[in-house]
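The values are calculated or read from the model by the stated rules, or taken from the named source; none is laboratory data. Note that the structure is predicted; figures quoted are calculated from it, not measured. Note that we place each Cβ from the backbone using ideal geometry, even for glycine, and neighbour counts take in every protein chain shown.
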Amino acid sequence: MTQPIFMIGARGAGKTTVGSALAQALGFKFVDTDSYLLQTSKLSVAEIVEREGWEGFRRRETQALESTSAPQTVVATGGGIVLAAENRAFMRRTGTVIYLRSPAATLAQRLEESPLEDQRPTLTGKPITEEMLQVLNERENLYQEAAHIVIDGTQDPASIVDAILDALAAPVA
Ligand code: ADP
Ligand code: MG
């Protein structure tokens, strides 16, 4: 198996944490569309949103997805990558898509514990748990639709990597 692996899920789902550990386990490269976007644009998410709106950010995100995608690579995506049908189709067509699924309360707790790692404007201006509930409400179907494999993201990262390796080894249902 050499095609790229795409990690999807909301902010705090563990796409970066688990994705890099998975890459190491597989001997794949690891890339993060968020980091790629920030490095290539030399702007923060907040600055991009201020200048170009969320629409501009989403456009850059699609470019980042297509630029980072490569064989033998684990690609950690941004939480909103599934909002564009084009991105969902691209990931499903060119690779294996893994959805790290956790409840809103778990995501909110993680984000509150690591606010510095997650400096981006709030999407709704609401308290974090409420925002995560709303985000999952809006996106759960899209994550499910895009995913080839859905994994319980509430386990510890090493167990999640094991579960993914098992799922990748299993015959496609
Ligand atoms: P994402 O890239 O999906 O936004 P991160 O990998 O950056 O998520 O993780 C967000 C925060 O949650 C980090 O502080 C990370 O250490 C923590 N975290 C990630 N995965 C887990 C996990 N499976 N169990 C506990 N904490 C986790
Ligand atoms: Mg990340």
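Taking region 10-24 only, how many residues are farther than 17 Å from residue 97 by Cα and in a helix (DSSP H, G or I)?
We begin by selecting, within region 10-24, every residue farther than 17 Å from residue 97 by Cα; these are 12, 24.
Subset that is in a helix (DSSP H, G or I): 24.
Residues in region 10-24 being farther than 17 Å from residue 97 by Cα and in a helix (DSSP H, G or I): 1 in total.
Under the condition of being within 18 Å of residue 103 (Cα to Cα) and part of a helix (DSSP H, G or I), which residue from region 147-162 is farthest from ligand 2 (Cβ to nearest atom)? Walk me through it before giving the result.
Step one: of region 147-162, the residues within 18 Å of residue 103 (Cα to Cα) are 147, 149-157, 159-160.
Keeping just the survivors that are part of a helix (DSSP H, G or I) gives 157, 159-160.
Numbers: 157: 13, 159: 19, 160: 14 Å.
Applying the filter and picking the extreme gives 159.
Give the residue that is nearest to ligand 1 (Cβ to nearest atom), with candidates limited to residues of region 76-85 that are at pLDDT 95 or above and surrounded by fewer than 21 Cβ atoms within 10 Å (Cβ to Cβ). Give the steps one after another, and end with the answer.
Quick first cut of region 76-85, residues at pLDDT 95 or above only: 76-77, 81-85.
Filter once more, so that each one left must be surrounded by fewer than 21 Cβ atoms within 10 Å (Cβ to Cβ): 83-85.
Numbers: 83: 15, 84: 18, 85: 21 Å.
Among them, the one singled out is 83.
Please go through region 1-57 and give me each residue that is within 15 Å of ligand 2 (Cβ to nearest atom), free of Cβ contacts under 8 Å to residues at least 60 places away in the same chain and of a type outside the set (Phe, Trp, Tyr), ordered by number.
Hits for region 1-57 are 19, 20, 23, 31, 32, 33, 34, 35, 37, 38, 39.
What are the residues in region 1-30 that are more than 19 Å from residue 158 (Cα to Cα) and either surrounded by fewer than 20 Cβ atoms within 10 Å (Cβ to Cβ) or of a type in the set (Val, Ile, Thr) (or both), if any?
Hits for region 1-30 are 1, 2, 3.
Among the listed residues 58, 51, 88, which satisfies the condition of being modelled with pLDDT under 95 and either out of contact with any Gly (no Cβ under 7 Å at 6 or more places or on another chain) or not in a loop (DSSP other than H, G, I, E, B) (or both)?
On the way: 51 fails: modelled with pLDDT under 95; 88 fails: modelled with pLDDT under 95.
So the residue among 58, 51, 88 that is modelled with pLDDT under 95 and either out of contact with any Gly (no Cβ under 7 Å at 6 or more places or on another chain) or not in a loop (DSSP other than H, G, I, E, B) (or both) is 58.
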